[in-house]
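J.: Have a look at this one before I ask anything.
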Amino acid sequence: MNYATIKWTDIANGEGVRISLFVSGCTHRCKNCFNEVAWDFHYGLPFDESVEEKIIKELGSDFIAGLSLLGGEPLEPQNQEALLPFIKKVKARYPQKTIWCYTGFTFNAKTGTLEETKKNTPYTKELISLFDVLVDGAYVEKLKDIRLKFRGSSNQRVIDVQKTLEKGECVLYLD
């Protein structure tokens, strides 16, 4: 997996000051995407162990609330395999830090996987189960609303993953 960029002190992509990892690769191709350069799976730099360790080290700062995954598309099948062991390390080291993930796919609350079944892999369910918040749904230009918190268009949901998995039905983190 490659990554496009890392924002070490981001306040736009989740609550509090966060580290935001923008992975490379996305097949959605949303009109007027804010990060079109990251559509290419080969764009950016390799996401290797040294990058993982730097992120994990920086997450130790008291003022960092957690980690946000964006893209590109973190839940593209090619990215899930690399992200799962990394997110497991983050959760093991910093259980108090929140993990937010932004995806253009749609979350299925009943199965804990993606509605787009061809995008599910052996890693999908476990990876999603490690998130605190999942912002789902493709960006739709005609539904753009700059008043929305943590999302760009009104079709997107900000989901409390842990409560959703517990109840088996979608529980919104934010309306």
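J.: Can you list residues from other chains, or at least 5 along the same chain, whose modelled amide H is less than 5 Å from the amide H of V135?
T.: Result for V135 returns C101, Y102, T103, I159.
J.: Show me the three semi-axes of the equivalent ellipsoid for the stretch 76-129, from the C-alpha gyration tensor (sqrt of 5 times each eigenvalue), largest first, rounded to whole Å.
T.: Rounded to whole Å, the semi-axes are 20, 12, 9.
J.: Taking a cut-off of 16 Å between Cα atoms, list the lysines near K144, but don't count ones fewer than 8 places away on the same chain.
T.: Straight-distance partners of K144: K31.
J.: Compute the signed sum of charges (Lys and Arg +1, Asp and Glu -1) over the other residues within less than 11 Å, Cβ to Cβ, of V23.
T.: -2
J.: Could you give me the ³J(HN,Hα) list for the stretch 146-163, computed from phi with Karplus coefficients 6.51, -1.76, 1.60 and θ = phi - 60°, whole Hz, x at Gly and Pro?
T.: 6, 7, 6, 7, 6, 7, x, 9, 5, 7, 7, 10, 10, 9, 7, 5, 5, 5
J.: Using only C-alpha atoms and all pairs of different ones, pull out the Kirkwood radius for the chain in Å with one decimal.
T.: Computed over the chain, the radius equals 16.0 Å.
J.: Sticking with this structure for a sec: If a paramagnetic tag sat 7 Å from the Cα of L174 along the Cα-Cβ line, which residues of the stretch 1-25 would have the backbone N under 15 Å from that point?
T.: 10-18
J.: Here's something else I'd like to know. Reachable aspartates and glutamates from K163, Cα under 13 Å, same-chain residues fewer than 8 places away excluded?
T.: List returned: D132.
J.: Just to confirm the filter: which GluC sites (Glu not before Pro) across the stretch 82-134 are DSSP coil and have at most 15 other Cβ within 10 angstrom of their Cβ?
T.: Qualifying residues, ordered by number: E115, E116.
J.: Where Lys and Arg each count +1 and Asp and Glu each count -1, what net charge lies around D48 among other residues with Cβ under 15 Å from its Cβ?
T.: My count for the surroundings of D48 gives -1.
J.: Under a Cβ-Cβ cut-off of 9 Å, what is the net charge of the residues other than L130 that fall near it, where Lys and Arg count +1 and Asp and Glu count -1?
T.: Cβ neighbours under 9 Å give a net charge of 0.
J.: For the chain, which span is the longest to avoid every loop-located (per DSSP) member of chymotrypsin sites (Phe, Trp or Tyr not before Pro) having at most 13 other Cβ atoms inside 10 Å?
T.: With a cap of 13 other Cβ atoms within 10 Å, the longest stretch comes to 64-175.
Quick note: the coordinates plus some simple rules give every number you see, no bench work behind them. Note that this is a predicted model, so its numbers are computed, not measured. Every residue, glycine as well, gets a Cβ built from its backbone with ideal geometry; the counts of neighbours run over all protein chains shown.
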